[in-house]
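Each value in this text was obtained by applying a stated rule to the coordinates, not by laboratory testing. None of the values given here were measured: they were computed from a predicted structure. FYI the Cβ positions are ideal-geometry reconstructions off the backbone, even for glycines, and counts take in every protein chain you see.
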Amino acid sequence: MGRRIGGTETRACAEIGAHISSWRRIMHLTQDELASRARISRESLSKLENGTGTMSLDRVLSVANALGIADEVVRGFDPMETQYGRLQLLSNVPQRVRRNG
């Protein structure tokens, strides 16, 4: 039996699905066209867009690639793309020790 996802993940799935649907419509693609480009079934894409399906990361990235947004998705995981990540990095960098003499 698969792992049950919590409320935060459920909301994230729904939000990502809505974004994928919006991107598809902006690009004037049908579900069949996008699914074909991403090499997944239309049913899987429909579940993903509705936030009800679970997909592996490689399939989600395949959809993002078919939409031309894979680089942005990958960049979204880069901690240096966020203010929080940059601040954490700066706070964890050891201070240079000065030596007298």
Folded to 0 to 90 degrees: helix 57-67 orientation relative to the chain principal axis, Cα
70
Burial ordering of S62, S56, fewest other beta-carbon atoms within 10 Å first:
S56, S62
With the charge dipole of the chain built from beta-carbon charges (+1 for Lys and Arg, -1 for Asp and Glu) about the Cα centre, the Cα from L90, A38, V63 projecting farthest to the positive end belongs to L90
Using only Cα atoms, tell me the angle between helix 83-92 and the longest principal axis of the chain; keep it within 0 to 90° and round to the nearest 10.
30
Which is farthest toward the positive dipole end of the chain among M27, N50, F77, measuring Cα position about the Cα centre, with Cβ charges +1 (Lys, Arg) and -1 (Asp, Glu)?
F77
Treat each spin label as a single point 7 Å out from the Cα along the C-beta direction, and report the A14 to S46 distance in nm.
2.0
Correct choice for Cα extents along the principal axes in Å that was computed from the model, options [x] 40, 28, 21; [y] 72, 33, 19; [z] 31, 30, 26:
[y]
